[in-house]
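Q: Structure provided below as structure tokens; questions to follow.
Bear in mind these aren't lab numbers, they're just calculated from the coordinates by the rules spelled out. Just so it is clear, the structure is predicted and the values come from calculations on it, not from any experiment. Using ideal geometry, Cβ is built from the backbone for each residue, glycine included, and neighbour counts are taken over all protein chains shown.
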Ligand SMILES: [Fe+2]
Ligand SMILES: [Fe+2]
């Protein structure tokens, strides 16, 4: 079963943000699938690393686009939203660089299962929701 279901991610008032969130859902589910394959004995480290690098790039684009929207519409809580992005991106980059060093699949799996899923769901339901709602009312 995929790690993330569409119902886990709340829909916000801007389609372009929802599109990016569902792209992220596919990327995360693909990584989780690769992790489970490795756990069952597959030699797929290179594929995992390519997928993790792709996840970092996608997350950078995801956050940069939301920051561009917040700047464009002068969203009042930009700082709070940006701080959550910065902290999550730093955690993700740290995790990826550690995985490249130690290939610790248990730690990698735990991060996605125990941290990333709840972070993403909460972030979208709070920061992204409020941001999209504000921007969509600016006309
Ligand atoms: Fe987002
Ligand atoms: Fe966000």
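Q: Can you give the alpha-carbon Rg of the chain over 2.2 N^0.38 Å, where N counts its residues?
A: Output field value: 1.10.
Q: Roughly how many Å is it from the Cα centre of region 1-22 to that of region 90-135, as a whole number?
A: Their Cα centres are 14 Å away from one another.
Q: Mind checking the angle between helix 78-102 and the chain's longest principal axis? C-alpha axes, 0 to 90 degrees, to the nearest 10.
A: Between helix and principal axis, roughly 10 degrees.
Q: Run lengths n ≥ 4 of DSSP H only: what is the helix-derived mean residue ellipticity at 222 nm for the chain, with -39500 (n - 2.57) per run over all residues, to the nearest 500?
A: The helix contribution divided over the chain gives -24000 deg cm²/dmol.
Q: Still on this model: How far apart, in nanometres, would the label points at residue 129 and residue 16 be if each is projected 7 angstrom from Cα along the Cα-to-Cβ direction?
A: Distance between label points: 2.3 nm.
Q: Contact order normalised by length for the chain, with contacts defined as Cα pairs under 8 Å and 6 or more residues apart; what percent is it?
A: Averaging sequence separation for qualifying contacts and normalising by length gives 41 percent for the chain.
Q: Here's something else I'd like to know. Kindly provide the Kirkwood hydrodynamic radius of region 7-83 in Å, to one decimal, from all pairs of distinct alpha carbon atoms.
A: Mean inverse Cα-Cα distance, inverted, gives 14.3 Å.
Q: Order the peptides 42-49, 24-31 from the highest to the lowest mean number of other Cβ atoms within 10 Å of their residues.
A: 24-31, 42-49
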